[in-house]
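Before any comments, here is the structure.
No lab work stands behind these numbers, since they all come straight from the coordinates. Just so you know, these numbers come straight off a predicted model, no measurement behind them. Quick reminder, even Gly has a Cβ in these numbers, built from the backbone with ideal geometry, and neighbours come from all protein chains shown.
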Amino acid sequence: MTTARIMTYNIQHCRGSDGQINPDRILNVIADTAPDIIAIQEFGSAHHLDILPYLAERLGLSVFRDAGGGGTLAYLSFFPLKAVQKFDLGFGGQCLRADVELGGKRMHLLNVCLDSFPRFRSLQIAKLLGPELLGHPSLVCPTLILGDFADYFCGAGNLELASVLRRTRRPLWRGTYPSRLPVFGRDRAYLRGEVRVLEASINRSFMARQASSHLPLTMTVQVTDTRRSVRLRPLAASRMEAAPG
């Protein structure tokens, strides 16, 4: 299997657009789309309950987050994830890296949550593109960068993102924020390397508009095979010789 349904969802600590904290609404929104991997931002806790195991158990997924704890980013995944590591982007910005194998092909995942203040956001994007993350020589596999990019129309740092990464395919109406009147495409994804998005959709149901101030974006992602082979003429058995020694 070289494709997976991957969702990015800022659940805003399970606090809905009506101000009520209700984990079951988040659960129902995710279950409605049935993704294989969910990149979650701002999970926090609800009613003193660690929300991630609660969601994972009912969705039949596993929780993956930084072993050191802290942060508000995590993954829920049907596939095993490796090399899960949190990175501080400064000024409240965060990135959670993980690796996943799809059909024997490895893909890097970068789950990000940035700050909306232009100067902070610009510095966070510079760090995201810098030597610790996307500029690191170990990130050689196809890469999907997704999450809450916290911008509105022309956010600071978007030119730098566009110069290094490819924007993914998105629905015609791209708004995900605020959920009741989604005019800003804050929740999105970028690509690098041999990976592509076959389709993308945004859950705009009544439940999704109530569950969080963000709407979830789900993409069907495919890792393409970059291997190449050269056809060689078969050697006749009579012409083969044993090498001395």
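Under 15 Å from the Cβ of K86, count the other residues' Cβ atoms, weight Lys and Arg +1, Asp and Glu -1, and hand me the total. Kindly include the intermediate steps, with their values, before the conclusion.
On the way: positive: R65, K82, R97, K127; negative: E42, D66, D88, D99, E132.
Within the 15 Å Cβ shell, the charges total -1.
Computed from point charges on the beta carbon alone (+1 for Lys and Arg, -1 for Asp and Glu), the dipole magnitude for the stretch 3-224 about its Cα centre is near 560 Debye. Each residue, L181 and R169, gets one label point 7 Å from its Cα in the Cβ direction; the gap between the two is 3.2 nm. Each residue, E194 and F117, gets one label point 7 Å from its Cα in the Cβ direction; the gap between the two is 4.3 nm.
Subtracting the Cα-Cα distance of T224 and E132 from their residue separation scaled by 0.36 nm leaves 30.6 nm.
Name the helices (complete DSSP H segments) of the chain with a Cα length along the long axis of 20 Å or more and a Kyte-Doolittle mean of at least 1.0, or state none.
Values: long enough: none.
In the chain, no H run is both long and hydrophobic enough.
Neighbours of Q41, meaning other residues whose beta-carbon lies under 10 angstrom from its beta-carbon, give a summed charge of -3 when Lys and Arg score +1 and Asp and Glu score -1. Its DSSP H runs of at least 4 residues, each contributing -39,500 (n - 2.57), put the calculated 222 nm mean residue ellipticity of the chain at -5000 deg cm²/dmol, to the nearest 500.
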